[in-house]
Protein chains: 2
Amino acid sequence: MSQNGKLATDLVQKLERDIVTGVLKPGDKLDERSLSERFGVSRTPVREALQTLAGSGLVATMPRRGTIVASITVAELIEMFEVMAELEAMCARLAARRMPRVDIENLIALSEECNGLKDHADADAYYEANVRFHEAIYAGCRNSFLERQTKNVRNRLAPYRRLQLHRPGRVKKSNNEHADILSAISNGEAETAGKLMQQHVAVQGESLNDLLAIVPRGYLEPLAS
Amino acid sequence: MSQNGKLATDLVQKLERDIVTGVLKPGDKLDERSLSERFGVSRTPVREALQTLAGSGLVATMPRRGTIVASITVAELIEMFEVMAELEAMCARLAARRMPRVDIENLIALSEECNGLKDHADADAYYEANVRFHEAIYAGCRNSFLERQTKNVRNRLAPYRRLQLHRPGRVKKSNNEHADILSAISNGEAETAGKLMQQHVAVQGESLNDLLAIVPRGYLEPLAS
DNA sequence: CCACGCAATTTTGTATACCAGAACGTCATT
DNA sequence: AATGACGTTCTGGTATACAAAATTGCGTGG
């Protein structure tokens, strides 16, 4: 029917995108048959794709119970943010030491792009620019393994991180923090850049309560996992 | 034929163990048919297991070219050690802040176990005790996500880390560093514990050259990936 | 009217059969 | 003799068919 090789890989990417961008939400059921019909392939590549996604943690599959978009417990959410903050801090520290001037110029441009969108009505536009800013710093660490690892955790947190920016005032605050991080990186102040990034990403104190308050039903598992 | 459920999961664990413990070495070919015959199952669960392992990075599968135990480039090796050092440092920092007294007692016992084996003839015995010591610290960070993430990277580096201890004098030096890390954790000195752990794990300067010198052929890919 | 149990349906897990692409070897040509 | 093209064979990718388990709905009994 289709003249390709490696259908499963395509499916992985498509499903990944749908999960990260929020089309598929935590807790959504991923039925093998529906997916195979939707994509016009048999169940085999669908299953392989789901296996792969389960490996990266984006979906959870329970034996004989099917596969769902991974939803996590509150405890895991806190844990993952704690790790995320540290990974991004490491990226920032290394970027401050290693990022070439030309890439810093690009980072400045991305920062200004964020700045231009900070008063924009919908938070999603800022979110996209924000992602590009952060990814530029990942790339700046010049450690592609760290970059992949960081993106992986970021993807798994994406559904929840997206919510953060919908909180009033968060966009402006985030934007100010970007400026400080940028200048630290630009000046080669590794420790400062790392510390600022850590605080920028971490969800601590009241922020945690605020975040939990706007997480929709179904995004988090009940305590009895 | 077999009366079980979820054959693939079993295969994942078996293969994982073989890779981590060095029975299967980087570059070894994982033929689907041989594996299916060896384990008495069909190719389907074998393929699913390989998919999962590919997701966690332990094996690499090239379309139409088969799958092999992941072998990495020198650049990746350096990158992974850089990340590993930081992850373990984070574990140590958090452990210094959060590890309950009773678990610290256990950590002391594990440290003494290492100490008892430091002059032992074969480095593998020390290696196993060393693993237990480090894993106790992972657990001490009280962040199960970080623990999983750290173990995952550790597993991927296992074939190379194992080699390190075969270098003359490395065992004794490692053991001394353990003592310092232990005392920092025990005293709740988070930053010190993290810094010491970072240096303990990192492969820097001459150590890198020494490590590369004893990596067997086939463990590392040629530059043209 | 509610609860428990059985059966039917749905859905996952496994096996097998089929197809396509890549590696290797052979033969012919220069 | 060397090199390139063609074909065979082996291996991986996909589809389909079959088996087992879980959920759900219905019926019966209390």
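What the table below lists for this structure:
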{"quantity": "Across chain B: Cys residues that no other cysteine approaches within a C-beta distance under 4.7 Å", "calculated": "B:Cys114"}
{"quantity": "Check: segment B:67-188 dipole with +1 on Lys, Arg Cβ and -1 on Asp, Glu Cβ, in debye", "calculated": "180"}
{"quantity": "Spin-label model distance (nm) - A:Thr21 vs A:Asn209, 7 Å beyond Cα toward Cβ", "calculated": "3.7"}
{"quantity": "Separation in nanometres of the label points that stand 7 Å from Cα toward Cβ, at B:Glu177 and B:Arg65", "calculated": "3.4"}
{"quantity": "Residues with amide H under 5 Å from that of A:Ile72, placed H, sequence gap 5 or more", "calculated": "A:Glu221"}
{"quantity": "The protein assembly as shown - Rg (one decimal) and Dmax (whole number), Cα, Å", "calculated": "22.9, 69"}
{"quantity": "Relative contact order [Cα under 8 Å, 6+ residues apart], chain A, whole percent", "calculated": "28"}
{"quantity": "Members of segment A:20-52 that become less accessible by 20 Å² or more once partner protein chains are added (1.4 angstrom probe, chain alone as reference)", "calculated": "A:Arg47, A:Glu48, A:Gln51, A:Thr52"}
{"quantity": "Label point distance in nm, B:Ile108-B:Arg217, each placed 7 Å from Cα along Cα→Cβ", "calculated": "5.1"}
{"quantity": "Segment B:7-69 - percent of accessible surface contributed by carbon and sulfur, probe 1.4 Å", "calculated": "50"}
{"quantity": "Accessible area buried between chains A and B, both sides summed, probe 1.4 Å, in Å² to nearest 100", "calculated": "2600"}
{"quantity": "Estimated [θ] at 222 nm from DSSP helical runs (n ≥ 4, -39500 (n - 2.57)) normalised by residues in chain A, nearest 500", "calculated": "-22500 deg cm²/dmol"}
{"quantity": "Coordinate range along principal axes, alpha carbons of segment B:177-225, Å, largest first", "calculated": "47, 19, 17"}
{"quantity": "Note, ³J(HN,Hα) from phi for segment B:101-110, Karplus 6.51, -1.76, 1.60, rounded to Hz, x at Gly and Pro", "calculated": "3, 4, 6, 5, 4, 4, 5, 4, 4, 5"}
{"quantity": "Solution diffusion estimate, µm²/s, Stokes-Einstein, segment A:93-168, Kirkwood Rh from C-alpha pairs, 37 °C, viscosity 0.692 mPa s", "calculated": "248"}
{"quantity": "Chain A, Cα convex hull volume normalised per residue, Å³", "calculated": "140"}
{"quantity": "Whole-number D in µm²/s for segment B:7-69 (Stokes-Einstein; Kirkwood sum over Cα pairs; 4 °C, 1.567 mPa s)", "calculated": "114"}
{"quantity": "Charge dipole (the protein assembly as shown, unit charges on Cβ, about Cα centre) - positive-most of A:Leu94, A:Gly22, B:Leu110", "calculated": "A:Gly22"}
{"quantity": "Rg(Cα) / (2.2 N^0.38 Å) computed for segment A:141-204, rounded to two decimals", "calculated": "1.22"}
{"quantity": "Exercise: per-residue mean of other protein chain Cβ atoms within 10 Å, A:143-149", "calculated": "6"}
{"quantity": "Distance between segment B:99-170 and segment A:1-50 - C-alpha centres, whole angstrom", "calculated": "39"}
{"quantity": "Stokes-Einstein D in µm²/s, Kirkwood radius over Cα pairs - segment A:1-134 at 25 °C with 0.890 mPa s viscosity", "calculated": "138"}
{"quantity": "Estimated dipole of segment A:7-69 in Debye, rounded to 20 [Cβ of Lys and Arg +1, of Asp and Glu -1, Cα centre]", "calculated": "200"}
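The values are calculated or read from the model by the stated rules, or taken from the named source; none is laboratory data. Quick caveat, the model's predicted, so the values are computed rather than measured. So basically every Cβ, Gly included, is an ideal-geometry build from the backbone, and we count neighbours across all protein chains shown. Heads up: the accessible areas ignore ligands, DNA and RNA and are worked out on the full protein's heavy atoms, side chains in. Shrake-Rupley method; radii C 1.70, N 1.55, O 1.52, S 1.80 Å.
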